[in-house]
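Only one structure is covered here, and it is reproduced in the block below.
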Amino acid sequence: MYDQPSIWQFDSDDSAQRCEYSLPMVLSNPSSLDCETIRELYTKHATNDSDRTRTHLIDSYIQMWCEKNRIMVIRCYSHGQHQIVASVSLGMPLKLKGRCGVIEDVITHRDHRRRGLAKMIMEEQMRFVDHERFVYTDLTNRDDRGNAKLYTSLGFKERSTSVYRRTLSKI
């Protein structure tokens with residue numbers, strides 16, 4: 001079984017947004033508050049226009065999405081409350097080649113960007129992918145987002161289809 005780390009905290013230097021961040025964690029059985037913050041990430045903080053139109057996401061759909069995919073989130077704890085401030089979805093289709101991954105929906109709340117949260121959550125997903133010995137993992141990225149450096153640092157390579165693929169090295 002894959003062991004997920006259990007301790008990682010980070011205090012923001014920005015006193016207006018001071019909080020402690022959770023470790024990246026798998027979101028399963030999301031609460032109604034979790035569903036609300038997922039909707040907010042999509043509708044207010046996604047950089048893709050089509051993602052911002054997902055106001056119709058109902059709790060049951062978000063719960064089903066969490067059951068069918070490996071959704072990782074980072075929470076911000078501040079003033080006795082918490083909210084999801086970063087998420088990434090890993091779809092896990094089984095193909096004839098073997099188990100593969102599809103990274104989608106790498107989203108960080110606007111007020112919490114440039115703090116390494118996307119990198120932290122992506123690294124955790126990649127540890128899982130490596131442990132589970134996925135044949136490859138794809139992700140798509142729009143060039144204007146400026147995320148290519150993060151993705152290539154994690155081993156993804158640009159393909160002519162504008163899909164990045166990370167292939168497991170032979171041991």
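Every read-out reported here was derived from the displayed coordinates using simple, explicitly stated rules and does not represent laboratory data. This structure is a prediction, so every number in the text was calculated from the model and none was measured. No Cβ is skipped: glycine too gets one built from the backbone with ideal geometry, and neighbour counts run over all protein chains shown.
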*Between residue 40 and residue 79, with labels modelled 7 Å along Cα→Cβ, what's the label distance in nm to one decimal, could you check?*
1.1 nm
*Rounded to the nearest 0.05, what FRET efficiency is calculated for residue 104 and residue 20 with R0 set to 45 Å and r the Cβ-Cβ distance?*
0.95
_Please list, by residue number, every one of the trypsin sites (Lys or Arg not before Pro) in the range 112-143 that is coil in DSSP and has at most 12 other beta-carbon atoms within 10 Å._
114, 133, 142
*List every residue whose amide H lies under 5 Å from the amide H of residue 99, counting only residues 5 or more places away in sequence or on a different chain, with H placed 1.01 Å from N in the peptide plane.*
135
*Using amide H atoms built 1.01 Å from N in the peptide plane, name the residues 5+ places from residue 23, or on other chains, whose amide H lies under 5 Å from its own.*
8
